[in-house]
Every structure is written in structure tokens, then in C-alpha cells.
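Worksheet: one structure, shown below.
The values are calculated or read from the model by the stated rules, or taken from the named source; none is laboratory data. None of these values were measured; they are calculated from a predicted model. Here the Cβ is made from the backbone with ideal geometry for all residues, glycine too, and neighbour counts use every protein chain on show.
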Amino acid sequence: MASELADAATVELGPSSNTWWIETAAYRIPLPAMWAVHSSGDRSASPLFELLGPTDSSIWVRTSRRMPALESFQGPGHAFRDVGQLDRAGWIEFEHADGSRTWLHRHEQFHRGTTPFVVTLKAPLDQASAQLATLANIVEQLALREGGADSS
């Protein structure tokens, strides 16, 4: 078993932490408790991965060369709900009905250094308030990796 593991990966002690982290070449975010990571494995895909959480909620992170206008996040059939600015990010919300459920889409937009990020939460509207704290935690703790997109 140990030799099979050595062929596939190197296991090293990491920093002392009570949180799992998802790391890409450019940034890292905490993996929220009771959420799972789903990725196609396609490194050219955007987003690279999606977090799947309680009540069919999902969160994903995107980067781009330029910061898109908040209004550009409105998808087909999405109705505008609200827009605002927090210390951590500018945000915009839309909702849309899909079958018997109404969904909230909240996009939070911010920079780390010169790198623009958009973190999106999709959650059933009646459960969204419970997931907003998870979104806030991810946005607040998102950190650039050394040698990542913003490093010189």
C-alpha cells in the first residue's frame, strides 16, 4: 500500500489547521464543513470546480483578466433582486424559478491584489440565508497562492 501511494502522491505534513483547503495554481479557499468538491478534471474549464452543499446549494469561483460589470451576471429568466457593496465585495442578486423551486444567485465580485474574482452562490431562495455565511467565509478567506496569478 505505501509503495502504491508513493507512486501516486507525496504526503507531507501541512500547517496545523482545523480546516481543509482547496488549492489551485492561483488561489486557495477553505472547504466548508458539509460541502463537497466536484471537478470535471478539465484544467481549462471555468470554473475549475464547484462546491456542492446542503439543500442542493452550490458555490463556484471564477477569475478573469478584467472585472465584468455586475449586471452581466444576469442569466436568461433571472429577475433582478438587489445589489450592494460590502467591505469584502460588491454583490448582485438574481432569482429564477425552475420547476417548483425558486433559486437565488448571488455573485460577489472583488480583487485580491490585481486579480479579479467572482464567487457565486446558487441556493434555493427559502434556504439561501443559511448559505450566505458560507459564501462570506469563502470570499473573506480566499487568498492568492505564492507564485499564483498575482505574483511577480
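Give the stretch 61-76 a look and list any residue that's touching a strand residue (DSSP E or B) at 6+ places or on another chain (Cβ under 6 Å) and either part of a loop (DSSP other than H, G, I, E, B) or over 17 Å from L144 (Cα atoms) (or both), or say none.
S64, M67, L70, F73, Q74
Failed condition for L104, given (1) more than 14 Å from the chain's Cα centre (by Cα); (2) within 15 Å of V61 (Cα to Cα), with all others met?
Here L104 meets the rest and fails (2).
How many residues does the stretch 43-60 hold that are in a loop (DSSP other than H, G, I, E, B), aliphatic (A, V, I, L, M) and either out of contact with any strand residue (DSSP E or B) (no Cβ under 9 Å at 6 or more places or on another chain) or modelled with pLDDT of 90 or more (or both)?
1
What is the one condition in (1) assigned to a helix (DSSP H, G or I); (2) surrounded by fewer than 17 Cβ atoms within 10 Å (Cβ to Cβ); (3) in contact with a strand residue (DSSP E or B) (Cβ under 8 Å, 6 or more places away or on another chain) that V37 does not satisfy?
The number of the failed condition is (1).
Keeping to the stretch 55-66, report how many residues are surrounded by fewer than 15 Cβ atoms within 10 Å (Cβ to Cβ) and not hydroxyl-bearing (S, T, Y).
The qualifying residues number 3.
Within the set of pairs 6 or more residues apart or between chains, which connect a residue that is surrounded by 11 or more Cβ atoms within 10 Å (Cβ to Cβ) inside the stretch 12-32 to a residue that is modelled with pLDDT under 90 and of a type in the set (S, T, Y) with Cβ atoms less than 6 Å apart?
P30/T19
Just name the residue that is nearest to the chain's Cα centre (by Cα) out of those in the stretch 70-96 that are within 21 Å of L142 (Cα to Cα) and among the aliphatic types (A, V, I, L, M).
Here the residue is A89.
K122 fails exactly one of the following numbered conditions: (1) touching a residue at least 24 places away in the same chain (Cβ under 8 Å); (2) among the charged types (D, E, K, R); (3) in contact with a Gly (Cβ under 9 Å, 6 or more places away or on another chain). What is the number of that condition?
Going through the list (1) touching a residue at least 24 places away in the same chain (Cβ under 8 Å); (2) among the charged types (D, E, K, R); (3) in contact with a Gly (Cβ under 9 Å, 6 or more places away or on another chain), K122 breaks only (3).
How about the stretch 79-136: which of its residues are among the aliphatic types (A, V, I, L, M), surrounded by fewer than 17 Cβ atoms within 10 Å (Cβ to Cβ) and in a loop (DSSP other than H, G, I, E, B)?
Answer for the stretch 79-136, where residues must be among the aliphatic types (A, V, I, L, M), surrounded by fewer than 17 Cβ atoms within 10 Å (Cβ to Cβ) and in a loop (DSSP other than H, G, I, E, B): just L86.
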